[in-house]
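Enquirer: Sharing a structure with you now.
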Amino acid sequence: MTNIGVTGHQQIPAQALEYISSGIRTILRGQPRPLVGFSSLAVGADQLFAEEILAEGGELHAVIPSDDYESTFSGEELHKYRRLLAAALSVTRLPRTQPDEAAFDAAGLWIAENSELMVAVWDGAASRGRGGTADAVAHARQLGRQIRVVWPEGVSRD
């Protein structure tokens, strides 16, 4: 079994979407089976990864950062979150009362600690608050996890 976690940006430029989806697929296809993907199902990278792990026949394990996490979603992203959560074969709910930076940081740390490989949909920039992609990558590095960064050169999130 290969445990693969994801960390990544919520805001992904439209011109980067296909590159990132393709990159995630390539990484997943190169891993020994069965696959278990850990994701907090956040908008952006986490939802893209969750869709790809399911498409590859892997098991989705949702890591929910806090109570009331669903309140951070709206519209199509909320629908996608609910659909992916329903598709998850297992769920870990962290003991946090509110969806804040501390809860998001705890989810990123949990994912890094329980993964052999981290897929980082990351432009290489510092986090824009506690619990961002750079924080999860730094923790995964401290743990000696394999990290695969997926981000197209020359594309900025801004």
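The values are calculated or read from the model by the stated rules, or taken from the named source; none is laboratory data. Just so it is clear, the structure is predicted and the values come from calculations on it, not from any experiment. Cβ sites come from the backbone with ideal geometry, for glycine too, and all protein chains shown count toward neighbours.
Enquirer: Considering only residues that are more than 18 Å from ALA106 (Cβ to Cβ) and in a helix (DSSP H, G or I), which ones fall in segment 121-140? Even if it seems obvious, please write down each step before you answer.
Expert: First, the residues of segment 121-140 that are more than 18 Å from ALA106 (Cβ to Cβ): 121-126.
Passing the criteria: none in range.
Enquirer: So, in segment 107-133, how many residues would count as being of a type in the set (Gly, Ala, Ser) and modelled with pLDDT of 95 or more?
Expert: Of the residues in segment 107-133, the ones of a type in the set (Gly, Ala, Ser) are 107-108, 112, 115, 120, 124-127, 129, 131-132.
In the following step, the residues that additionally are modelled with pLDDT of 95 or more were identified as 107-108, 112, 115, 120.
Result for segment 107-133: 5.
Enquirer: Here is a list: ILE12, ILE24. Which entry is aliphatic (A, V, I, L, M), at pLDDT 95 or above and out of contact with any Gly (no Cβ under 8 Å at 6 or more places or on another chain)?
Expert: Result: ILE24 is the single residue among ILE12, ILE24 that is aliphatic (A, V, I, L, M), at pLDDT 95 or above and out of contact with any Gly (no Cβ under 8 Å at 6 or more places or on another chain).
Residue-by-condition table, conditions (1) closer than 24 Å to GLY30 by Cβ; (2) of a type outside the set (A, V, I, L, M):
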{"site": "ALA107", "(1), (2)": "no, no"}
{"site": "GLY129", "(1), (2)": "no, yes"}
{"site": "GLN142", "(1), (2)": "no, yes"}
{"site": "GLU153", "(1), (2)": "yes, yes"}
{"site": "ASP158", "(1), (2)": "no, yes"}
